[in-house]
Amino acid sequence: MLKQEFLSQLRTGLEAASIEDIDECIDYYDEMISDRIESGISEENAVAQMESVESIISNYKLEKPVTKLIMDKVQKSHEEAKGKGKGTLWIVLAIIGFPIWLPILIVIFVLLFTLYIVLWSIVIAIFSVLVALGATAICGLFTFILMFTGFTPWSLGLFALGAALFTGGLAVLLWHPIWSLCKAVAGMIPSIFRKIKKGIA
């Protein structure tokens, strides 16, 4: 396949999928293929090394919001029904089924939103442990310093120093694993929602 044929198929597919900024996408892949040709690869091989048109379109679809994907799915279903001469029947069934599919749709959106909030809450909760340990260590050191001014009893000051050293050491020890865990959970969130979008698309 030659470059122009590849780009033509890509443009057609992107337009059919209602992807925005199609010209930017075409320019990007045009430049990518041209760079490979300039490096000495033949045009056919340069195109062969690219992702398939279907894969590129699928990836662009997954960048759409869930609401847009659902609307595209509904529109496609309506167009297919119209193509079979059943467009009016499709509209009638959609109106009759309104009391059923609307609550289901609302529940789906609420569940997705809840899942999103819960996942980010886990990240915040894990990181809060680290912040709490660090804050405890700082407060302990401050209490120990106050011991020398007479505002804090010696017994409390020494206890505060011990607590500060313990929590501070624990914060340093857990910094890397907690930070890595937060990044891992945060990285999972886009992946989970991409899989959900893939199921819808």
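Miscellaneous remarks
- Taking every DSSP helix (H) stretch of at least 4 residues in the chain, weighting each as -39,500 (n - 2.57) and dividing the sum by the residue count yields a mean residue ellipticity at 222 nm of -29500 deg cm²/dmol.
- Per DSSP, loop GluC sites (Glu not before Pro) in region 1-58 with at most 14 further Cβ within 10 Å: E20, E51
- C-alpha long axis of helix 22-38 to longest principal axis of the chain, angle in °: 90
- Among V47, L119, L161 - extreme Cα towards positive end, dipole of the chain, charges at beta-carbon: L161
- Once the Cα atoms are used to define both axes, helix 87-96 deviates from the longest principal axis of the chain by about 30 degrees.
- Other residues whose C-beta falls under 14 angstrom from the C-beta of M188 contribute a net charge of +3, scoring Lys and Arg +1 and Asp and Glu -1.
- Magnitude of the charge dipole, the chain, Cβ model with Lys/Arg +1 and Asp/Glu -1, debye to 20: 1260
- Which labelled figure in (i) 7, 18, 18, 17, 15, 11, 8, 5, 1; (ii) 7, 25, 27, 22, 14, 4, 0; (iii) 9, 35, 34, 18, 4, 0 is P(r) over Cα pairs in 10 Å bins from 0, in percent, once derived from the coordinates: (i)
Every number here is computed from the coordinates shown, using simple stated rules; none is lab data. Being a predicted model, the structure only gives us computed values, none of them experimental. Ideal geometry is used to build each Cβ from the backbone, glycine not excepted, and the neighbour counts take in all protein chains shown.
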